[in-house]
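First the structure, in the form of structure tokens, and then the observations on it.
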Amino acid sequence: MAVGIFDSGLGGLTVLDAVAQKMPDVPFVYYGDNLHAPYGVRDADDVYNLTTRAVERLWEEGCDLVILACNTASAAALRRMQESWIPENKRVLGVFVPLIEALTERHWGDNSPPREVAVKHVALFATPSTVASRAFQRELAFRAIGVDVEAQACGGVVDAIEDGDMILADAMVRSHVDALQRKMPNPGAAILGCTHYPLMQDIFQDALGPDVKVFSQATLVADSLADYLQRHPKMIGPGEDSMFLTTGNAVKVSQRATQFLRRKVVFEQA
Ligand code: DGL
């Protein structure tokens with residue numbers, strides 16, 4: 001009955017937490033590729049190879065459906081995986097679309113032509129490779145017209161979070177917000193386009209000011225997954241146990257995860 005949740009490291013825990021709260025009866029298997037994080041500075045082939053390896057491992061744990069709780073993998077690898085790699089009886093879904101649907105006031109599966117939406121100026125904060133992929137702008141263009149997007153590649157933030165250096169992460173977030181505001185002084189909304197960033201959401205909000213609506217993915221992905229599983233109940237795979245797997249140092253990763261989620265989390269070696 002399990003569903004797989006994948007991230008390059010700890011960021012996907014923000015999504016895991018939200019989906020586990022929303023669907024307490026579904027076992028989730030989390031896979032953090034901490035050994036190879038950050039993905040945000042890797043090229044697309046590298047991200048594809050690492051992501052497919054992780055997804056195969058989650059299939060081995062009985063997770064027929066895997067959520068890429070990683071924007072970098074969703075942006076750089078998902079389309080290629082869906083086009084030629086994923087077998088008929090398995091599914092891999094990304095985290096971009098639920099976010100863009102929320103921003104453009106759409107319900108799931110609304111494929112009507114792009115239209116004007118309330119928000120006109122959007123700040124996108126993401127990893128360098130997500131920004132370089134322009135996947136966000138592409139998905140947005142399918143749904144909305146007249147939205148000006150300014151993207152800020154937030155180099156270094158994921159490394160600081162993975163290292164548990166929250167003081168450095170705080171300073172880097174503020175400097176990236178500052179850089180963004182020099183390009184777009186008054187964004188109407190900000191997108192946290194990396195699943196690590198909700199761990200710094202208060203800092204983003206503080207630096208952006210109270211008038212900027214900050215969209216982050218965890219609850220949006222949880223709602224969208226609950227809806228998907230209702231429509232496709234067979235996609236809950238045969239796995240029965242929740243577990244946390246990491247390619248990194250299981251003791252260190254467990255400590256950081258426990259600190260972030262404020263509950264005991266024990267990782268096993270992937
Ligand atoms: N948390 C991931 C994302 O959403 C990955 C960040 C990284 O590994 O650079 O993009």
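We did not get these values from a lab; they are worked out from the coordinates using the rules stated. The model shown is predicted, which means the values in this text are computed figures rather than measured ones. Here Cβ is always computed from backbone atoms with ideal geometry, including for glycine, and neighbour counts include all displayed protein chains.
Return the sequence-ordered ³J(HN,Hα) values of region 91-99 in whole Hz as given by the Karplus equation 6.51 cos²θ - 1.76 cosθ + 1.60 applied to θ = phi - 60°, using x for Gly and Pro.
Per-residue couplings from phi come out as 9, 10, 10, x, 10, 6, 4, x, 5 Hz.
Any chance you could count the Lys pairs in the chain whose alpha carbons are under 21 Å apart, treating pairs 8 or more apart or on different chains as valid?
Lysine pairs, 8 or more places apart or on different chains, close enough: 7.
By how many nm would the segment from residue 148 to residue 230 lengthen if fully extended, with 0.36 nm per residue of separation less the alpha-carbon distance?
26.0 nm
What is the antiparallel percent of DSSP beta bridges lying wholly in the chain, to the nearest 5?
Expressed as a percentage, antiparallel bridges in the chain total about 0.
Within region 156-188, name every residue whose backbone N is under 20 Å away from a label modeled 7 Å from Cα of residue 259 along the Cβ vector.
Inside the label zone: 156-174.
If packing is taken as the average number of other Cβ atoms within 10 Å across a peptide's residues, how do 191-197, 70-76 rank, most packed first?
Result, highest mean Cβ count within 10 Å first: 70-76, 191-197.
Summing -39500 (n - 2.57) over the DSSP H runs of n ≥ 4 in the chain and dividing by its residue number, what mean residue ellipticity at 222 nm do you reach, to the nearest 500 deg cm²/dmol? Don't jump to the answer; show the numbers that get you there.
Numbers: 12 runs with 120 residues, N = 270.
Here the helix-only value at 222 nm equals -13000 deg cm²/dmol.
Could you list the trypsin sites (Lys or Arg not before Pro) in region 1-106 that lie in coil according to DSSP, counting only those with at most 15 other Cβ atoms within 10 Å of their Cβ?
Hits after loop and neighbour filter: nothing returned.
Can you sort 107, 121 by how many other beta carbons sit within 10 Å, fewest first?
Working: 107 7, 121 16.
So the ranking, lowest neighbour count to highest, is 107, 121.
Quick check for me: using +1 on Lys/Arg Cβ and -1 on Asp/Glu Cβ, what's the dipole size of the chain about its Cα centre, in debye to the nearest 20? Walk me through the intermediate numbers first.
Working: 25 positive and 34 negative charges, 73 e Å.
So the dipole magnitude of the chain works out to roughly 360 debye.
For region 183-228, what class follows from the C-alpha gyration tensor (a ≥ b ≥ c being the square roots of its eigenvalues): rounded when a/c is under 1.5, otherwise prolate if a/b is larger than b/c, else oblate?
Since a/c reaches 1.5 and a/b is larger than b/c, the shape of region 183-228 is classed as prolate.
Could you tell me which of rounded, prolate or oblate describes the chain, using a ≥ b ≥ c as the square roots of the eigenvalues of the alpha-carbon gyration tensor, with rounded for a/c under 1.5 and, failing that, prolate when a/b is larger than b/c and oblate otherwise?
Verdict is oblate for the chain.
Using unit Cβ charges (K, R positive; D, E negative) and no other charged atoms, how large, in debye to the nearest 20, is the dipole of region 1-135 about its Cα centre?
340
Among rounded, prolate and oblate, which fits region 71-225 when a ≥ b ≥ c are the square roots of the eigenvalues of its C-alpha gyration tensor, a/c under 1.5 means rounded, and a/b larger than b/c means prolate? Spell out each step's value before the answer.
Values: a/c = 1.90, a/b = 1.25, b/c = 1.52.
Verdict is oblate for region 71-225.
Looking only at 112, 216, 175, which one moves most when the chain is put into a Gaussian network model with springs between Cα atoms under 10 Å?
Between 112, 216, 175, it is 112 that shows the largest mean-square fluctuation.
Where in region 226-251 is the amide nitrogen less than 12 Å from a point lying 7 Å along the Cα-to-Cβ axis of residue 35?
Within reach of a label on residue 35, which here means backbone N under 12 Å from a point 7 Å along Cα→Cβ, region 226-251 contributes 246-250.
Towards the positive end of the charge dipole of the chain, with charges on Cβ (+1 Lys, Arg; -1 Asp, Glu), say which of 137, 217, 67 has the farthest Cα.
137
Please find the FRET efficiency linking residue 121 to residue 23, where r is the Cβ-Cβ separation and R0 is fixed at 41 Å, and quote it to the nearest 0.05.
It comes to 0.75.
Compute the longest continuous run of the chain that contains no exposed GluC sites (Glu not before Pro); treat a site as exposed when its DSSP state is not H, G, I, E or B and it has at most 12 other Cβ atoms within 10 Å.
Answer from the scan: 89-239.
Starting at 0 and stepping by 10 Å, how many percent of the alpha carbon pairs of region 25-95 end up in each bin?
Spelled out per bin, shortest first, that is 19, 58, 22, 1.
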